[in-house]
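K.L.:
Here you go, one structure.
The values are calculated or read from the model by the stated rules, or taken from the named source; none is laboratory data. Since the structure is predicted, the reported quantities are computational estimates derived from the model, not experimental observations. Virtual Cβ from ideal backbone geometry, glycine too; neighbours counted across all protein chains shown. Just the protein is used for accessible areas: all its heavy atoms, side chains included, with ligands, DNA and RNA removed. Shrake-Rupley method; radii C 1.70, N 1.55, O 1.52, S 1.80 Å.
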Amino acid sequence: MRLALRELRRRPGRFGVATVILTLIAILLAVSLVGVKWVVLKMLPFDNKSEFQVVVDMPVGTPVEETSRVLGEMGAYLATIPEVTDYQVYAGTAAPINFNGLVRQYYLRANSEMGDLQVNLVDKADRARKSHEIAQAVRPALEAVARRWNARVKVVEVPPGPPVLSPIVCFYVVNAVAGKGAAFSALGAMLLGVIITGLFVAISMTSGGGAWDNAKKLIEDGAYGGKGSEAHAASVTGDTVGDPYKDTAGPAINPMIKVANIVALLMLPIIAL
C-alpha cells in the first residue's frame with residue numbers, strides 16, 4: 001500500500017486515469033448485477049407497500065352523494081380482500097396529502113364528482129402477495145363498478161420519484177448554472193433540509209393523527225357528551241383524517257429521507273470525477 005501511494009504521488013497522471021477507469025468499470029459491474037437479477041432494486045414503483053389509493057372521477061356535475069355511493073360500493077368490495085385491514089372514503093375532497101398528492105397534485109381535488117379511497121394493508125410479513133399484486137388483482141372489479149356508473153377509476157401506488165430524482169436534479173441544475181462547487185453546496189443543503197424538515201413533518205403527522213384518534217376514544221368514554229353527541233360526530237371526522245396521518249403519511253417520511261440520502265451517496269463516484 002505504501003509503495004502504491006508513493007508511486008501515485010510520483011506519477012499522478014497515469015494513476016489518476018487508471019483510478020477513473022477502474023472506478024467506471026466497478027460502477028458498470030455493479031449496475032450489471034441488476035440486469036442479471038443478482039440484485040433486486042427496492043426503489044422502484046412496484047415495491048411492497050402498506051397502502052394504495054383508488055382515485056375515482058365521476059361525470060362532471062355528479063352530486064357528492066352519488067360519488068359517495070360509488071365509493072361505498074368499491075369499499076365494500078375492497079373489504080372482502082383478505083389483505084385489506086381498513087379503508088377511508090373521501091367524497092368531494094382529497095385524501096390527506098402523501099407522495100401521490102405531491103406528485104400528481106391530488107390535494108387539489110375538491111369537486112363533488114371526485115373521490116378517493118385510501119386502502120391500508122396488513123403488514124407485509126403477514127401476507128403472501130405484494131401490494132402491487134393486490135392492486136392489480138382488485139383493478140378489474142373496481143373498473144366493473146366504475147363502468148356501471150360511467151366513472152373513471154385509477155388504482156395508484158406510492159411512487160418513488162421525488163426522493164429518487166431530487167438529489168440528481170438539484171446537483172445537475174445548480175452545476176449547470178453556478179458550477180460544481182455551488183452544486184455540492186446546494187446538494188448538501190438540500191439533504192440537510194430533507195432531514196430536518198422531514199423529521200418535524202413526520203412528528204407533526206404522527207402526533208397530530210394520534211391526537212385525533214385519542215380525542216375520539218376520550219369522547220366515546222363519555223367526555224363532552226359521549227357517543228351520539230355533536231362532539232362525537234366531529235371526532236369521527238377527525239379520526240378519519242388522523243388514522244392515515246399517523247399510520248401511513250407520517251411513517252412514509254422515514255423512507256423518503258433514507259432514499260434521498262442513499263441516492264446522493266450513490267451519485268458520489270460519478271459527480272466527484
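K.L.:
Using a 1.4 angstrom probe on heavy atoms only, work out the carbon and sulfur share of the accessible area of segment 138-273 in %.
P.N.:
Solvent-exposed carbon and sulfur of segment 138-273 make up 68 percent of the total.
K.L.:
Taking the alpha-carbon distance from K227 and a cut-off under 16 Å, which lysines remain once sequence neighbours fewer than 8 residues away in the same chain are dropped?
P.N.:
Of all the lysines, those that pass the test against K227 - Cα under 16 Å, at least 8 places apart if same chain - are K216, K217.
K.L.:
Solvent-accessible area per residue for segment 124-273 at a 1.4 Å probe radius, Å²?
P.N.:
Values: 8250 Å² over 150 residues.
Result: 55 Å² per residue.
K.L.:
Going by accessible area, probe 1.4 Å, with all protein chains left in place, what is the ranking of L22, L199, largest first?
P.N.:
Largest accessible area first, the list is L22, L199.
K.L.:
Which lysines have a Cα less than 25 Å from the Cα of K130, not counting those fewer than 8 places away in the same chain?
P.N.:
List returned: K37, K42, K49, K154, K246, K258.
K.L.:
Please compute the net charge surrounding V241, taking Lys and Arg as +1 and Asp and Glu as -1 over other residues with Cβ under 13 Å from its Cβ.
P.N.:
It works out to a net charge of -3.
K.L.:
Could I have the simple spin-label model distance between L29 and R69, label points 7 Å from Cα toward Cβ, reported in nm to one decimal?
P.N.:
Result: 6.6 nm between the two label points.
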